[in-house]
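In what follows, a structure is listed as structure tokens, so that the remarks can point back to it.
The values are calculated or read from the model by the stated rules, or taken from the named source; none is laboratory data. Only a predicted model underlies this, so the values are computations on that prediction, with no experimental measurement involved. FYI the Cβ positions are ideal-geometry reconstructions off the backbone, even for glycines, and counts take in every protein chain you see.
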Amino acid sequence: MQIKIEERFLQTRLISSLEKVFCDEECIAKEFKNGSMLLNERYSFQLAFMLEGERLDDVNISINSPLQEYISVRLVESVPSQMPCYHNCDENVLRTTPGLYPDVLVDMPKYNLRLLNKQWRSVWITIDPKCNVKAGNYEIEVCLNEKDKNLTKDIFTIEIINAKLPEQQLIHTQWFHADCIATYYKLDVFSEEHWEKLEQFIKVAGDYGINMILTPIFTPALDTEVGKERPTVQLVDVIKNGDNYTFKFDKLKRFFDICFKNNIKYFEYSPLFTQWGSKFTPKIVAEENGQLKRIFGWDTLAKSQEYENFLNQFLPKFVEFLKEQNLQENSWFHISDEPSLDDLENYEFCYNLISKYIKDFPIFDALSNYEFYEKGFVKYPVVASDHIEPFIENNVKDLWTYYCCGQQIDVANCFFNMPSHRNRILGMQLYKYNIKGFLHWGYNFWYSQFSRYEIDPYLVSDAGCGFPSGDAYMVYPSKDGVNVSLRLEVLYDVLQDLRALQLLESKIGKQEILNIIEKECEITFKQYKHCSEWLLNTRKTINNLIKENL
């Protein structure tokens, strides 16, 4: 739509949630005016707009619809990126240049919007009826207004189908960094204010289908410069008396209770050995002679007698506590993150050291080499999506996958500079290969690479030029709560797509679904159709088939 306002021209266009609107380039996204959803889904689309001429002040957005009380509107704000990608990225990206990238979704400004000359912007509109409305077709009028004067009106039509998505089966974790929350808000770790903030971020995680949480029984030995420390966020209290230890689990119990209240079902415990090789011990503090001191860390070898003695006392007590809490089926253990083949001997030693105590619990780690699984050290391998083929070819059961900064050629990911369809295709990939779990390391990592210093995620999106923007975090801290990224919204659609496919499978079988989604292109982790319109149309086809098979 284009209208003339005195000497100005105002354009508006309804577009899908898979488009990214940059303020410094023409919006070429196709108009998108209708969609479909199930009763218990969330559905999002956008209104893009651009003014030519003198700026227009005091513009607001209004919604008129029978669904009005279930609709929220947020402004898509841009975030700076110095390093949107590595030098050798593939061609399935929107840009490779530094600049402003649309990402964070914020509440509409209290004093309304200012529209600037030739700058495209967008608002993010979400429908979330929570099964409170009947199936049927509904119109949604989206209006731009200047004060009380209506300027534009665009109409989106949503069909709500009389079916419900089944419960999420995928185990999904985005690593939760409790220390980053304390650092950003300048709070004492595990003060009441910190607990309050932890719960706010845990609630958002649960609301977006993250049903497993990284639980810092000890300060996670992750993304830390060798020889340095991250702030202590240790949920298990340790009391040292000579060579003997006692343990208190009060803070851990409080953490569990918060998580259960907010849809978290599974707990992954921080690695018991350091990242990148399992050569050293994590940072552990203990009370000794009335003083709190660090007793383990980079200066203690994983193979040390002191640490073996500690684990021999800690693990039986920890397992006993988990069984008291009925968490046998919900507890997952890490040894060391991202070991390489050069680390196989160290990893084997560490596995043998702890496996006798946690033999009844799953052990899983992010890795790329099949040998760790072949030798039985990792029952649930979490495989980099660009190294997963040998595991698929060998029919590994209960397979997990992950991506991080390194997965930038061909495979799905969620960097700022990638089209959102490259994020959302993950749902079909997870479905086709019966993936049990998905891991991403950056829910809220607001430090530089190696945790050398804190960063403001609104100003530094690439961990101090350490990782491509979008790798380190999916949410932003706000004064009173949490702002999510459009990437997290799209990732939630991934989970909804997966659940819709599983629902339809119960009606028509998996092979028929694969025939539908692979009609134009075979889907693998590295191969898929690079097209937002195809993805949206395919999901609409799935919904129509669900409707036909009610």
Enumeration of residues in segment 520-550 that are outside any helix (DSSP H, G or I) and either touching a helix residue (DSSP H, G or I) at 6+ places or on another chain (Cβ under 9 Å) or assigned by TED's automatic domain parsing to the domain that holds F45 (or both): E520, C521, I523, T524, F525, K526, Y528, K529, H530, C531, N549, L550
Residue identified as of a type in the set (F, W, Y), surrounded by fewer than 19 Cβ atoms within 10 Å (Cβ to Cβ) and touching a strand residue (DSSP E or B) at 6+ places or on another chain (Cβ under 9 Å) among F321, F333, F349: F321
Complete set of residues in segment 391-421 that are assigned to a helix (DSSP H, G or I) and either over 19 Å from F438 (Cβ atoms) or touching an Asp or Glu at 6+ places or on another chain (Cβ under 7 Å) (or both): E393
Which listed residue, of E512, E520, E548, is among the acidic types (D, E) and in contact (Cβ under 8 Å) with a residue 12 or more places away in the chain: E520
Residue list for segment 202-219, filter: assigned to a helix (DSSP H, G or I) and crowded, with 21+ Cβ neighbours inside 10 Å: I202, A205
Options Y476, Y492, Y458; residue that is part of a helix (DSSP H, G or I) and of a type in the set (F, W, Y): Y492
Conditions (1) over 29 Å from K529 (Cα atoms); (2) in contact with a Ser or Thr (Cβ under 8 Å, 6 or more places away or on another chain): number failed by I435: (1)
Matching entry among R487, R422 (being within 20 Å of Y86 (Cβ to Cβ), basic (K, R) and touching a His at 6+ places or on another chain (Cβ under 9 Å)): R422
Qualifying positions in segment 254-274 - part of a helix (DSSP H, G or I) and within 18 Å of the chain's Cα centre (by Cα): C259
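Residue by residue, here is whether (1) crowded, with 23+ Cβ neighbours inside 10 Å; (2) within 30 Å of P98 (Cβ to Cβ) holds:
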{"position": "K379", "(1), (2)": "no, no"}
{"position": "P390", "(1), (2)": "no, no"}
{"position": "D398", "(1), (2)": "no, no"}
{"position": "Q408", "(1), (2)": "no, yes"}
{"position": "F416", "(1), (2)": "yes, yes"}
{"position": "S420", "(1), (2)": "no, yes"}
{"position": "G427", "(1), (2)": "yes, no"}
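Quick check on my filter: what residues within segment 259-313 are polar (S, T, N, Q) and closer than 30 Å to L170 by Cα?
N262, N263, S270, T274, Q275, S278
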Every residue from segment 359-378 that is out of contact with any strand residue (DSSP E or B) (no Cβ under 6 Å at 6 or more places or on another chain), in a loop (DSSP other than H, G, I, E, B) and not small (G, A, S): K359, D360, N369, Y370, K375, F377
Residue in segment 11-20 that is surrounded by fewer than 16 Cβ atoms within 10 Å (Cβ to Cβ) and touching a strand residue (DSSP E or B) at 6+ places or on another chain (Cβ under 9 Å) present: yes
Test for F247: is it assigned to a loop (DSSP other than H, G, I, E, B) and either small (G, A, S) or closer than 19 Å to E288 by Cα (or both): no
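For segment 341-358, which residues satisfy the criterion of being outside any helix (DSSP H, G or I) and under 16 Å from P271 (Cα atoms)?
Pass one, segment 341-358, residues outside any helix (DSSP H, G or I): 356-358.
Result: Y357, I358.
Mind listing just one residue for me: the one in segment 477-505 that is without any contact (Cβ under 8 Å) to a residue 60 or more places away in the chain and more than 30 Å from V21 (Cα to Cα) and, of those, surrounded by the most Cβ atoms within 10 Å (Cβ to Cβ)?
Filtering segment 477-505 for residues that are without any contact (Cβ under 8 Å) to a residue 60 or more places away in the chain and more than 30 Å from V21 (Cα to Cα), the one surrounded by the most Cβ atoms within 10 Å (Cβ to Cβ) comes out as L504.
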Residue in segment 296-310 that is in contact with a helix residue (DSSP H, G or I) (Cβ under 9 Å, 6 or more places away or on another chain), under 26 Å from F256 (Cβ atoms) and of a type in the set (A, V, I, L, M) present: no
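To keep it simple, each residue is scored yes or no on (1) surrounded by fewer than 17 Cβ atoms within 10 Å (Cβ to Cβ); (2) within 30 Å of Q408 (Cβ to Cβ); (3) more than 30 Å from the chain's Cα centre (by Cα); (4) in contact (Cβ under 8 Å) with a residue 24 or more places away in the chain.
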| position | (1), (2), (3), (4) |
| --- | --- |
| E288 | yes, no, yes, yes |
| F314 | no, no, yes, yes |
| I358 | no, no, no, yes |
| E374 | yes, yes, no, no |
Test: residue in segment 76-85 that is within 24 Å of V494 (Cβ to Cβ) and not in a strand (DSSP E or B): yes
Hits in segment 1-23 - residues which are in a loop (DSSP other than H, G, I, E, B) and either touching a helix residue (DSSP H, G or I) at 6+ places or on another chain (Cβ under 8 Å) or within 16 Å of R55 (Cβ to Cβ) (or both): E6, E7, S17, L18, E19, K20, C23
